[in-house]
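The values are calculated or read from the model by the stated rules, or taken from the named source; none is laboratory data. In this text the structure is predicted, and so the values were computed from the model without any measurement. For neighbour counting, all protein chains shown are included, and Cβ atoms are generated from backbone atoms with ideal geometry for every residue, glycine included. Only protein heavy atoms, including side chains, enter the accessible area calculation; ligands, DNA and RNA are left aside. Shrake-Rupley method; radii C 1.70, N 1.55, O 1.52, S 1.80 Å.
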Amino acid sequence: VLDMEVTQKPSRPHWYEQHVQPCLAELLGTALFIFMGCLAVLEDSGDTGRLQPALAHGLALGVTVAVLGDI
């Protein structure tokens with residue numbers, strides 16, 4: 001009696017998951033990052049100085065990582 005274990009090869013990810021999905025995530029993340037940064041600078045009330053754009057960029061980066069972190 002042959003007592004051999006049969007192991008499956010790990011399946012390769014689909015071409016969409018391997019190439020297209022990371023590019024779309026990068027595009028969406030960069031667009032959100034730039035959009036939020038530009039809006040923060042445009043809406044600067046004068047007395048916030050550098051704090052408002054810094055917080056806006058941090059929030060945009062945090063949201064992007066939370067939403068697209070699994071990709």
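What to note about this one:
- The slack between LEU51 and VAL20, meaning 0.36 nm per residue of separation minus the straight C-alpha distance, is 7.6 nm.
- Sorting ASP70, ASP47 by accessible area puts them as ASP70, ASP47; the probe is 1.4 Å, largest comes first, and only protein heavy atoms count.
- Solvent exposure ordering (accessible area, 1.4 Å, most first) of VAL63, VAL20: VAL63, VAL20
- Only Lys, Arg, Asp and Glu carry charge here, each on its Cβ (+1 for the first two, -1 for the last two); on that basis the chain has a dipole of about 140 debye about its Cα centre.
- Accessible area (Å², 1.4 Å probe, nearest 10) - VAL6: 140
- Measuring only protein heavy atoms, the 1.4 Å probe finds HIS19 accessible over about 110 Å².
- In this structure LEU68 has an accessible area near 40 Å², from a 1.4 Å probe over the protein heavy atoms.
- Per residue, the solvent-accessible area of the stretch 15-69 (1.4 Å probe, heavy atoms of protein chains only, all protein chains present) comes to 75 Å².
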